[in-house]
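Asks: Structure below; questions to follow.
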Amino acid sequence: MGRRARERVVTVDIDFTAFFDITPSPYLVLDTGLVIRYVNRAYLQTTGRTSGELLGKYFFDAMPPRPGFPGDPQQDVKASLCRAMDTGEPDVLVLQRYDIPAAGRPAGFEERWWSKIHTPLPGPDGRVKWIVQRAEDVTAFFHSGRAGQLGAEFTPHEKGLAAELYARTDELHRLNRELLQAHTRERQVAVALQEAMLSAPDLNRHDNIAMRYLPATTSLNVCGDWYDVVDLPPDRYAAAVGDVVGHGLHAAAVMGMLRSALSAVIRAIPSPAQALEVLGLYARSVDGAMAATAVKVLIDTRSRLIIYSNAGHPPPVLLHRDGTFELLDKATDPPLGAREHHVPRPQAGLTYTPGDTLVLYTDGLIERRTEDIDAGLARLTTALSAGRTLLPGPLADALLADLDVTEGGPDDIALIVIRL
């Protein structure tokens, strides 16, 4: 089969009614008797009319002239429609005034200026069967004063393009303002939601603990990282950090569910490993939680013991007073929902000396796309050693500064600094 033959059998399955219904330009279709046979949503919105007021009506009955208006505003439109039918070519009307009935005011009219294009469509016999009218409202352009700047050197088509471009630009500015307002409202809701979900009442009883939370710079201030502190009287308390993949309201919602679940479980089951086992089972039933990570530590102040379990999370760091450190990496397991079947999670412990510092964090603090995670860990431990004499709050701020994330980074960051 030759190329021409192949081209003839190629068809494109397009629902043109659906296409015109969603296009932002106002369109209507007339038959050769100038009866309206189709009108799209943009046309109805622009004119403030309903489809019942237009469909099946003679165009100039559906769009009557303004009473008492000097001249005949319908004359130019009729002439343009006739030219399109007679020549079979599109006809352009630039800066045509045609006032329309005002919505909600039966006897009222609104001043409107239009840029119209009438495009004839032939039927099977080659004769014009339909006329498509595209009518852009360019009233704002006319009153801007720019219309008078288009001299005789501009063709009608160029003037029409200028008017439509102005109308499109004005519409884009309006939409942009609405988007900014919506973004501001959503951000306010998001910040309030995040603050409510990260509330840790038990933290108020610990002047030896500092928390820091920084959302990703590309997010709406809502992310999937979390922290928590839970008192377990008389002489124990637990701390945790976790990370849900992603940003935005969905990630924050998943984070809230996991954080609340773990906070409840650790009060009934103080064992970090068992608490993460329960949380892992729960995570498998939560959409978006399968790859979530978390680390849980239990601090026993009487025995000076740290017990911990880790579900796929970067290891906490125990900084000794002399500047040396240990990574809590002896009880590391896959992320919360990673296993298809339940397997007990590991647990480990180590002792500490009063004055040591325990640091829990999420990967946004240390991970960089261009380097191995070990480089980030090395930067963290170096910064910890340098700031080991600082109190928890100043040390937390120093870590963020030394790791160059004071203003946030590409990923969200949760940080807990505990002076033991």
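Asks: Is it the case that residue 327 is without any contact (Cβ under 8 Å) to a residue 60 or more places away in the chain, open to solvent by 10 Å² or more (accessible area, probe 1.4 Å) and within 14 Å of residue 357 (Cβ to Cβ)?
Replies: yes
Asks: Tell me whether the stretch 384-392 contains one or more residues that are open to solvent by 40 Å² or more (accessible area, probe 1.4 Å), touching a helix residue (DSSP H, G or I) at 6+ places or on another chain (Cβ under 7 Å), without any contact (Cβ under 8 Å) to a residue 40 or more places away in the chain and assigned to a loop (DSSP other than H, G, I, E, B).
Replies: Yes, there is a match, as at least one residue in the stretch 384-392 is open to solvent by 40 Å² or more (accessible area, probe 1.4 Å), touching a helix residue (DSSP H, G or I) at 6+ places or on another chain (Cβ under 7 Å), without any contact (Cβ under 8 Å) to a residue 40 or more places away in the chain and assigned to a loop (DSSP other than H, G, I, E, B).
Asks: Oh, and also: Would you point out which residue out of 339, 321, 345, 302 is part of a loop (DSSP other than H, G, I, E, B), closer than 19 Å to residue 276 by Cα and open to solvent by 60 Å² or more (accessible area, probe 1.4 Å)?
Replies: 339
Asks: I would also like to ask the following. Somewhere in the stretch 308-323, is a residue more than 21 Å from residue 367 (Cβ to Cβ) and modelled with pLDDT of 95 or more?
Replies: Looking for residues that are more than 21 Å from residue 367 (Cβ to Cβ) and modelled with pLDDT of 95 or more, one finds at least one in the stretch 308-323, hence yes.
Conditions tested, residue by residue: (1) hydroxyl-bearing (Ser, Thr, Tyr); (2) out of contact with any strand residue (DSSP E or B) (no Cβ under 7 Å at 6 or more places or on another chain); (3) open to solvent by 30 Å² or more (accessible area, probe 1.4 Å).
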| residue | (1), (2), (3) |
| --- | --- |
| 370 | yes, yes, yes |
| 382 | yes, yes, yes |
| 396 | no, no, no |
| 411 | no, yes, yes |
| 414 | no, no, no |
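Asks: Take residue 264 and tell me if it is in a helix (DSSP H, G or I), open to solvent by less than 20 Å² (accessible area, probe 1.4 Å), at pLDDT 90 or above and hydrophobic (A, V, I, L, M, F, W, C).
Replies: no
The values are calculated or read from the model by the stated rules, or taken from the named source; none is laboratory data. The model shown is predicted, which means the values in this text are computed figures rather than measured ones. Here the Cβ is made from the backbone with ideal geometry for all residues, glycine too, and neighbour counts use every protein chain on show. In case anyone asks, the SASA skips ligands and DNA or RNA and just uses the protein heavy atoms, side chains included. Shrake-Rupley method; radii C 1.70, N 1.55, O 1.52, S 1.80 Å.
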